[in-house]
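Notes for the one structure printed next.
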There are 4 protein chains.
Amino acid sequence: MNTWGRLFRVTTWGESHGPATGAVIDGCPAGLRITPEDIQKELDRRRPGQSSVTTQRSESDTAQILSGIFEDKTLGTPISIIIQNEDVDSRTYDELRYVPRPGHADYTFQAKYGWRDHRGGGRASARETAARVAAGAIAKQLLALRDIRVLGHVVEIHGIQSKFVFESPEDLMLAERSIVRCCDAAASDEMVACVERMKKAGDSVGGIAEIVAFNVPTGVGEPVFGKLDAELAKALMSVGAVKAVEIGAGFRSARLKGTEMNDPFTAKGGQVETKTNKAGGILGGISTGAPVVCRIAVKPTPSVGMQQTSINVETLQEVDLSISGRHDPCILPRIVPVAEAMVALVLADLMIQGGLINPARV
Amino acid sequence: MNTWGRLFRVTTWGESHGPATGAVIDGCPAGLRITPEDIQKELDRRRPGQSSVTTQRSESDTAQILSGIFEDKTLGTPISIIIQNEDVDSRTYDELRYVPRPGHADYTFQAKYGWRDHRGGGRASARETAARVAAGAIAKQLLALRDIRVLGHVVEIHGIQSKFVFESPEDLMLAERSIVRCCDAAASDEMVACVERMKKAGDSVGGIAEIVAFNVPTGVGEPVFGKLDAELAKALMSVGAVKAVEIGAGFRSARLKGTEMNDPFTAKGGQVETKTNKAGGILGGISTGAPVVCRIAVKPTPSVGMQQTSINVETLQEVDLSISGRHDPCILPRIVPVAEAMVALVLADLMIQGGLINPARV
Amino acid sequence: MNTWGRLFRVTTWGESHGPATGAVIDGCPAGLRITPEDIQKELDRRRPGQSSVTTQRSESDTAQILSGIFEDKTLGTPISIIIQNEDVDSRTYDELRYVPRPGHADYTFQAKYGWRDHRGGGRASARETAARVAAGAIAKQLLALRDIRVLGHVVEIHGIQSKFVFESPEDLMLAERSIVRCCDAAASDEMVACVERMKKAGDSVGGIAEIVAFNVPTGVGEPVFGKLDAELAKALMSVGAVKAVEIGAGFRSARLKGTEMNDPFTAKGGQVETKTNKAGGILGGISTGAPVVCRIAVKPTPSVGMQQTSINVETLQEVDLSISGRHDPCILPRIVPVAEAMVALVLADLMIQGGLINPARV
Amino acid sequence: MNTWGRLFRVTTWGESHGPATGAVIDGCPAGLRITPEDIQKELDRRRPGQSSVTTQRSESDTAQILSGIFEDKTLGTPISIIIQNEDVDSRTYDELRYVPRPGHADYTFQAKYGWRDHRGGGRASARETAARVAAGAIAKQLLALRDIRVLGHVVEIHGIQSKFVFESPEDLMLAERSIVRCCDAAASDEMVACVERMKKAGDSVGGIAEIVAFNVPTGVGEPVFGKLDAELAKALMSVGAVKAVEIGAGFRSARLKGTEMNDPFTAKGGQVETKTNKAGGILGGISTGAPVVCRIAVKPTPSVGMQQTSINVETLQEVDLSISGRHDPCILPRIVPVAEAMVALVLADLMIQGGLINPARV
């Protein structure tokens, strides 16, 4: 199932070592100004090889628009975006044809489909998220018309925690100055050192990222099965390596009392507001008007250089495995734009579903 | 959006203080044996008034089957189930018509739809989950044909943790002996005491529940947007009061190294297996064959007797609010069957989507 | 698949001889005034036993609203409507358990699902359309806010053609004066005589009905797979006994030249219009603003008293069959409100999808 | 809405004068052998410039596969197909920027989306159907595994009727020998002469095509809203220029008596069959096992050289219009492979939905 959304629909396609990857965005209202640069800007944030802590696979990740945009404005017809795969080196994968890498989807794809494209993870590669980011760039552009901004930052890597507290969208822009996308400069340095240490050791680390959507109006979300938090949880959990999603106080809420958890209502400037935002901007699956706050737990990249045990699925013999290739020792910095894209896709779709953005034209 | 699922589809309806609530299950294969008792058994586990730690609203929650089942077997046509609302007392809600209760969906429903059924939370009431449980009972029956069992237990309430470690489905059946559905008897006693203390104080508490699906075959899940973990996250997050979902090691995985997180493959009896299950039975969004393990963080019930601050949405004046009514001081024991139902709905739908259950007839 | 629609969604349920039949309407905007009478009025037009040319099964077809409407206005939550089955006499069906009636769905249900509710056609009975009409009544009410009216009439029965030409919605109201719902009084008399003759002979007849939607604004329809004409064709063809659907000039257009078929554009009162309407109000799958005109070919009711040949599916022996029961000798008069309902459901859903009706509230 | 299907899903994209057009096929089972030639073969049947009676636009219509197929077999992942637009000449369209062509979708796209790609009809061009045919080629390959064949022929052009009666799939292969795809050689000659006469006169003609699916097993179709005939009607009506769809006896059934219309059941070789096939292979929306027979009425191509009246949508002044460009004087021969493709897409999707084809792998 490679389509996301009910009205703002995104279909992604592409294997890691195939000729290209891409997305079709269907249901984007007509009249929205989109330039290739709007898309490229976001792709560059996800691009491999952007720093010393990411994979060295060298992809320009240039997006080409094949339909749906005419004279730099959307037509209301499907927008087809294609990204060529350039730096494909499939040789290192030959020995993996029958040996599933631990922690990867190799085995489950084999079991489900009977065979698989074993080169670079095929469809289950993180490469698939490039198409999501391209589509997310269009969703962000659409949301920008309503002043909505979706921004992410890394709040923890391998136990090292950011102490940064944000108040405005501008605060979170600081993350772009750090190669691990952490707004807390001291923590960022520590995180970078940790990741480089792991890389050298042939191991990998995980962490936590936080995504915030600012200026989401009240009324976004479709109870009871299309609740905003439910859609966000699905969207974020659909990103490879994500093992948990929380909204607002999340797991912390399990230890609070009702009187501590409930955000009291008040009025400010003629508008109803909550005094605190432990709910993370969502009540009953509908946005309250406060910032929507999600956090994702990201597991360490499964591709590690250290020796691991696996099995040959044909012979059922155990084999020792040491993954060479070019891999991210920590996916957190590159997952931030992907998670932002998913949040933007959810919001664009639900805003249209809720009548807050006109589906036909902006 | 009140329909769940692509092939095994469940539509729920009903307000808390309306005449009835119900579900239509469409896409259940023909020939499945279902008796009213199969449904009632599950509804009784969710029923209010089942113990001293749940709300005292008295509902028999008797399910009546109106279609889709003939001579105790499914026809392949939509199954309509209705549950009458019996113990409705709307008087205490009159003062809440314009005053949204903190932590509830009152304000967001008002903002989205322009008005609302203010009696007992209307559609946003936990009463809505009775229909989910009824539908889940049918999904469980369908999964039982493949020996799949979905079982839940409470692992934490207000910081009190269960030390119970399960190995088999039978182990988790122990939860039914505890009124807080905790398998660890000592922790259970502590939890009960805690909840009763909170109830007396007019406050409420949250906690964590774990749901496990045993004997799920490999191959369940539809990458990249219908991944098993993504669907589970959405399904569980769509339940009121759930603020976080994790799969397998979940948030803990953020602190592990790759070599610690990866479950090594091995073979046992001619079958590929993993030696550990930190992945929680899912890789690349597809089941591995190991137990599927999810945990949900549940916030404290927002209805508390202690005084809170809110606002009259008409006058924008702050008002003090003390919620009387009959409420659960802790929803954990009653949320377990609801969460199990959602996991069962996800599995039934994805099993059919993956060709592992025939959609037309069993 | 018993749900219609993407945003304005209708799920129907119920077997002919089960306890009840019903519909859940999900996605109806909040704040729409709906009384039980609005629904009853339409059900009465479809009701069996309304005249000498319909079946004598006696059903009051009383709709009961169980959710989604509070103080006579929609809440934005699912509207559950139930219609009890009253005059159920299943005895005459016992001999049909293993003998599929020619022209009925008995055999195909048996083949698909492995068994069936053989009493009165089960789910494949025309009784199923009562739920569609109830849902359609709500769609009509919603469309009425935009002055859209959906009206149908019978234009042919067994070759007897109506010569009536309509110009306004009011013209088509004349159909309600005729028990065969034909606006041409002379043709109506002939049709009635024909149907009564067939009834006496134990045979049945078919015909053609035309449904017109007035005041549909331009812009309704979602190319390329959700085109207005495509959705109408599906909706109308989903009604039992319908064997063909045409839009505008329909089959006649196959014999016209381009210069004859093309409706020239002009302007009137500052609005673009077409001088003729051979397109039936739809170009490129999107409404033009002219009346939307559909016609359906309806086969003769398959239940006939005359002796027919069938087979016992268990023994594979041929058997002679004469269907007693109470059946419509011609379904045309009763199919008109059903077809109107389907057109209304299509329009309500596509109006919302196109941003022409707000999905959250009226 | 540019996605077709529930499980076997096809998303098409592309404007007539944009850089390319294409399709993403998602949900095709893994392990299906597909070569570029399988796709090309079908594209060549739809290709412009294939004979004297089609448009002279010169497109090689070469399909390139970008994902989802590895070592000539499907992976179970989305299959992305791209077809470059080569012979694009947009100059003749400049004067049409504000003048909608009668019978075309120019005006309705303008009205719905606020603006449009005016070059060559944009998304509403018949060029869009190339992507459908490419996707249909894959569906046909999948259906071939079950011996299902979908074949079409032209049965009428501008009143000239084919007298051909088919008995087997092979009979219909004859259509490929005629440049108007008519199996009756004499009628074919007459049709060709008629089309060439119209072309010379600067006019166009319509006609009727028939599509037949052979060897469809019983059980295909999902009542009550996903009936086989309903899905076929939608699929076929979604093709530009189609104004009517009929199944089996279609409009003729409106004039038959029940005793004439009902196909009697019998048994042959231990199988239940019908003695006749007036139902067109469908009862109650489910296939009977007999050939599935559909006919479509196709309007004359709206692009005609003769002078027509339209309007400038900016000035609202009437203008005389004579369409130059390169157009089909009769679209019937080229619509046959498109209609076949749509029938194949419907069958592939419903076969999977009904459990008759495994969704994961062949």
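Placing a label point 7 Å from Cα along the Cα-to-Cβ direction at A:P19 gives distances to the equivalent points in the other copies of 1.4, 6.0, 6.2 nm, listed shortest first. The other copies place their A:D44 label points at 4.7, 6.6, 7.0 nm from this one, listed shortest first, where each point is 7 Å from Cα along Cα→Cβ.
Relative to the Cα centre, what is the charge dipole magnitude of region D:3-353, using +1 at the beta carbon of each Lys and Arg, -1 at the beta carbon of each Asp and Glu, and rounding to the nearest 20 debye?
Details: 40 positive and 43 negative charges, 119 e Å.
Value, rounded to 20: 580 debye.
Comparing C:A209, C:A341, C:A279 in a Gaussian network model of chain C where C-alpha atoms under 10 Å apart are linked, the largest mean-square fluctuation is found at C:A279.
Shown for region A:24-118 is the translational diffusion coefficient from the Stokes-Einstein equation, using the Kirkwood radius over Cα pairs, a temperature of 20 °C and a viscosity of 1.002 mPa s: 131 µm²/s.
Using only alpha carbon pairs under 8 Å that are at least six residues apart, calculate the relative contact order of chain A and give it in whole percent.
Relative contact order of chain A: 23 percent.
Counting Lys and Arg as +1 and Asp and Glu as -1 over every other residue whose Cβ lies under 10 Å from the Cβ of C:G248, the net charge comes to +2. At R0 = 35 Å, how high is the FRET efficiency between B:Q161 and B:Q50 if r is their beta carbon distance? Nearest 0.05 is fine. Approximately 0.90, to the nearest 0.05. Here the protein assembly as shown is assigned +1 on the Cβ of each Lys and Arg and -1 on the Cβ of each Asp and Glu. Its dipole about the Cα centre then comes out at about 0 debye. The rotation axis taking chain C to chain B passes closest to the C-beta of one chain C residue; that residue and the distance in whole Å read C:T11, 2.
The alpha-carbon of D:K268 sits under 20 angstrom from the alpha-carbons of these lysines, leaving out residues fewer than 8 places away in its chain: C:K112, D:K278. Using the Cβ of D:K41 as centre and a radius below 13 Å, the other residues enclosed give a net charge of -3, where K and R count +1 and D and E count -1.
Less than 15 Å Cβ to Cβ from C:A297, Lys/Arg counted +1 and Asp/Glu -1: what total charge do the surrounding residues give? Working shown, then result.
Numbers: positive: C:K243, C:R252, C:R295, C:K299, D:K243, D:R252, D:R255, D:K257, D:K278, D:R295; negative: C:E156, C:E210, C:E246, D:D229, D:E246, D:E260.
Around C:A297, the surrounding residues sum to +4.
One compactness figure for the protein assembly as shown is 0.89, namely its Cα radius of gyration divided by 2.2 N^0.38 Å. Each of C:S322 and C:E71 was given a label point 7 Å from its Cα along the Cα-to-Cβ line. The distance between the two points is 6.2 nm.
Translational diffusion coefficient of region B:233-282 (Stokes-Einstein, Kirkwood radius from Cα pairs, 37 °C, 0.692 mPa s): 258 µm²/s. With a simple spin-label model that places each label point 7 Å from the Cα along the Cα-to-Cβ direction, the separation between D:Q64 and C:K275 comes to 4.7 nm. Relative to the dominant Cα principal axis of chain A, helix A:228-237 is inclined by about 10°.
Sparse packing (at most 13 other Cβ atoms within 10 Å of the Cβ) combined with a DSSP loop state is found for the following GluC sites (Glu not before Pro) in region A:21-87: A:E71, A:E86.
When chain C is treated as a Gaussian network with alpha carbon springs shorter than 10 Å, the biggest mean-square fluctuation among C:A185, C:A175, C:A213 belongs to C:A185.
Annotation note: GluC sites (Glu not before Pro) in region A:286-353 located in DSSP loop regions with a Cβ neighbour count of at most 12 within 10 Å are A:E314. Along its principal axes, region C:3-353 has C-alpha extents of 69, 50, 37 angstrom, given from the largest down. What the Cβ-Cβ distance of B:A267 and B:E196 gives, at R0 = 60 Å and to the nearest 0.05, is a FRET efficiency of 0.75. The relative contact order of region B:275-326, computed from alpha carbon pairs under 8 Å that lie at least 6 residues apart in sequence, is 23 percent.
Sorted from nearest, the other copies put their D:S322 label points 7.1, 8.0, 9.0 nm away, the label point being 7 Å from Cα in the direction of Cβ.
The distance separating the Cα centre of region C:228-257 from that of region D:219-298 comes to 14 Å. Angle of helix A:332-353 to the longest C-alpha principal axis of chain A, folded into 0 to 90 degrees and rounded to 10: 40°.
Taking B:P337, B:P36, B:P100 as the candidate residues, the one with maximal mean-square fluctuation in a Gaussian network model of chain B, Cα springs under 10 Å, is B:P36.
Bear in mind that the values in this text are calculations on the coordinates, not laboratory data. Just so it is clear, the structure is predicted and the values come from calculations on it, not from any experiment. All Cβ positions, glycine included, derive from the backbone under ideal geometry; neighbour counts span all protein chains shown.
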